[in-house]
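Visitor: Encoded as structure tokens, here's the structure I'll be asking about.
Computed from the coordinates by the stated procedures, all read-outs in this text should not be read as laboratory data. Since this is a predicted model, take the numbers as computed values, not measurements. Here the Cβ is made from the backbone with ideal geometry for all residues, glycine too, and neighbour counts use every protein chain on show.
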Amino acid sequence: MSEIKVNKISPRTNCGTTTLGDSGDTFTIPAGVSITNNGTASGFGATGSASWNTTVKTGDFTAVAGEGYFVNTTSGEIDVALPAGTAGAVVAVKDYAGTFDTNNCILVPNGSDKIGGLNASATISTEGQAVTLVFIDSTQGWLVTDDGLQSNADNNPFLVATGGTITEDGDFKVHTFTGPGAFNVTCLASSPSNNVVAYMVVAGGGGSGACKAGGGGAGGFREGTTAPIIPYTASPLVAPAGLTVSVQPYPITVGAGGTGAATPGTATSGADSIFSSITSAGGGRGADGAPSQTPALNGGSGGGGARYLNTPGNGNTPPVSPPQGNNGGTSGFPGGPGDEGSGGGGATAVGQNGGCTCAGNGGAGATSSINGTPTARAGGGGGGSCGMPTVGAGGTGGGGAGAGGPGNNGSNGTANTGGGGGGGPNFGTSGTGGSGGSGVVIIRYKFQ
């Protein structure tokens, strides 16, 4: 093999063109040889393109400028360490198995380099996505070119979601649902710990009967937070962990309150509230005394007992841990003269028993600051009375007060607290039982 050694090749005339070889010839550049372009290159492919490496990547790796990679995250998240940025450097990645939405591809900048103007890792979480990045300068660093939007390699370290009424409490967003809707997660955080949300799910409170009736049970109260990530003053019923979410809509069900009895025996229990895997049971209706003798029902919290029918409804039905509610109270003197309605169960206390001359109070609810303000919810309804001055008071947390005397009605539970309805007065006095308050779903997470 012949060899020519020269320091410079120039055309024979000024501004001429020098041609290497003839059509069909092959020029080989040995390993270790570098070619530096200080002018303008043309005919070598489109600017910003990458040569694709067809060896599929199944674990963390360091990218090389000018190469594209097929990344298979089937077995878990994969970190792609970007090379030190130089102007014009190109790196590309492609979701090999359509699993970026399940196990993300994380782009990690080199040292103080930036991605989209931030010195932070970027997450690719869209199924089947391909992204090409070009390093521009020290201000913006790597920018997405192919695929158009920088959000396709989002380096937001926090969760992004829509739905409900959105408020802010410091570094946290709060989504409040007072009716049906969807908590729609549109982008995951680059740090998995920030994909955990705190929740509070309160069901509709139970309605109450019309005759010396027991108060309606509060709607089931369930709350959870991972305190180191989402700290706030939670209720005594808080579970020690929140829920981890993914990019998808989560349908929200907010339970309606049960109806109070306009005539004896027609009260109903509250409806369930649901977020993801968390279901809170509707509060049980309060019992109705003579003449219908309609029993109290079980629920998130149980309904209170009534004249001639002192058996209360059981709370925490179905059972969960921590418990979602308590039992209703029992009538103190079943079948005797002057016996009064009992209180419905509340989130943190049983309903008070009805006595000979005084109706029982509703069980206390639970107070939480998940929305940034200490608020009591899920109080039981107070028992009804024949007209004695001591009607049952509603439990703290939106429970309705019981009625007493001719023409009076049991109070309704407060809307969007899950409070139980207040019991109706003595039969024949034209009073009605109170309806339960509707439920609420609240979701809280760190957004900055």
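Visitor: Enumerate the calculated ³J(HN,Hα) couplings along region 50-58 in order (Karplus 6.51 cos²θ - 1.76 cosθ + 1.60, θ = phi - 60°), each rounded to whole Hz, writing x wherever the residue is Gly or Pro.
Guide: Rounded to whole hertz, the list is 10, 8, 7, 8, 8, 7, 5, 8, 10.
Visitor: Okay, next question. Skipping prolines and chain starts, which residues have an amide H placed within reach, meaning under 5 Å, of the one on residue 447, given they are 5 or more residues away or on another chain?
Guide: 172, 173
Visitor: Loop sites only, by DSSP: take the chymotrypsin sites (Phe, Trp or Tyr not before Pro) in the chain that have at most 12 other C-beta atoms within 10 Å and name the longest stretch containing none of them.
Guide: 45-448
Visitor: If you don't mind, another one. Just the Kirkwood number for region 51-153, please: inverse of mean 1/r across all distinct Cα pairs, in Å, one decimal.
Guide: After inverting the pairwise mean of 1/r, the radius is 13.1 Å.
Visitor: Still on this structure, I have one more. In nm, what is the difference between 0.36 nm times the number of residues separating residue 54 and residue 10 and their Cα-Cα distance?
Guide: Length gained between residue 54 and residue 10: 12.0 nm.
Visitor: Kindly put 125, 138, 276 in sequence by how many other C-beta atoms sit within 10 Å of each C-beta, fewest to most.
Guide: If I rank by nearby Cβ atoms, fewest first, I get 138, 276, 125.
Visitor: What number comes out for the charge environment of residue 440, summing +1 per Lys or Arg and -1 per Asp or Glu over other residues with Cβ under 15 Å away?
Guide: +1
Visitor: GNM, the chain, Cα, under 10 Å: largest mean-square fluctuation among 226, 263, 139?
Guide: Looking only at 226, 263, 139, the biggest GNM fluctuation is shown by 139.
Visitor: Ordered by packing density, taken as the mean number of other Cβ atoms within 10 Å over each peptide's residues, highest first, how do 414-420, 374-380 rank?
Guide: Put in order of decreasing packing, that is 414-420, 374-380.
Visitor: Moving on to the next point. For residue 118 and residue 373, calculate 0.36 nm times their separation in residues minus their Cα-Cα distance, and state this gained length in nm to one decimal.
Guide: Stretched fully, the residue 118-residue 373 segment lengthens by 88.4 nm.
Visitor: Hey, which lysines would be in cross-link range of residue 173, C-alpha to C-alpha under 17 Å, not counting anything within fewer than 8 residues on its own chain?
Guide: Residue 173 reaches 446.
Visitor: Starting from the Cα of residue 162, step 7 Å along the direction of its Cβ; do the same at residue 79; then give the gap between the two resulting points in nm.
Guide: The answer from the label model is 3.3 nm.
Visitor: Per the Kirkwood treatment, what hydrodynamic radius in Å, one decimal, follows for region 161-448 from the mean inverse distance over all distinct Cα pairs?
Guide: 17.6
Visitor: Quick check for you: which residues of region 251-287 have the amide N under 20 Å from the point 7 Å beyond the Cα of residue 241 toward its beta carbon?
Guide: 275-280
Visitor: Let me ask something else. Under a Cβ-Cβ cut-off of 9 Å, what is the net charge of the residues other than residue 132 that fall near it, where Lys and Arg count +1 and Asp and Glu count -1?
Guide: -2
Visitor: What FRET efficiency do you get for residue 233 and residue 187 if R0 is 22 Å and r is their Cβ-Cβ distance, rounded to the nearest 0.05?
Guide: 0.15
Visitor: Amide H neighbours of residue 126 under 5 Å, counting only residues 5+ apart in sequence or on other chains, H built in-plane at 1.01 Å?
Guide: none
Visitor: Just to be sure I understand: of the beta bridges DSSP finds with both ends in the chain, what percent are antiparallel, rounded to 5?
Guide: In the chain, DSSP labels about 70 percent of beta bridges as antiparallel.
Visitor: In terms of modelled amide H atoms, which long-range or inter-chain residues lie less than 5 Å from the amide H of residue 68?
Guide: Correct list: 51, 52, 53, 92.
Visitor: So, one more: What spacing in nm lies between the two simple spin-label points modelled at residue 61 and residue 17, each 7 Å away from Cα in the Cβ direction?
Guide: 3.9
Visitor: Right, something else. Considering the chain as a Gaussian network with a 10 Å cut-off on Cα pairs, which listed residue, 204, 170, 399, attains the greatest mean-square fluctuation?
Guide: 170
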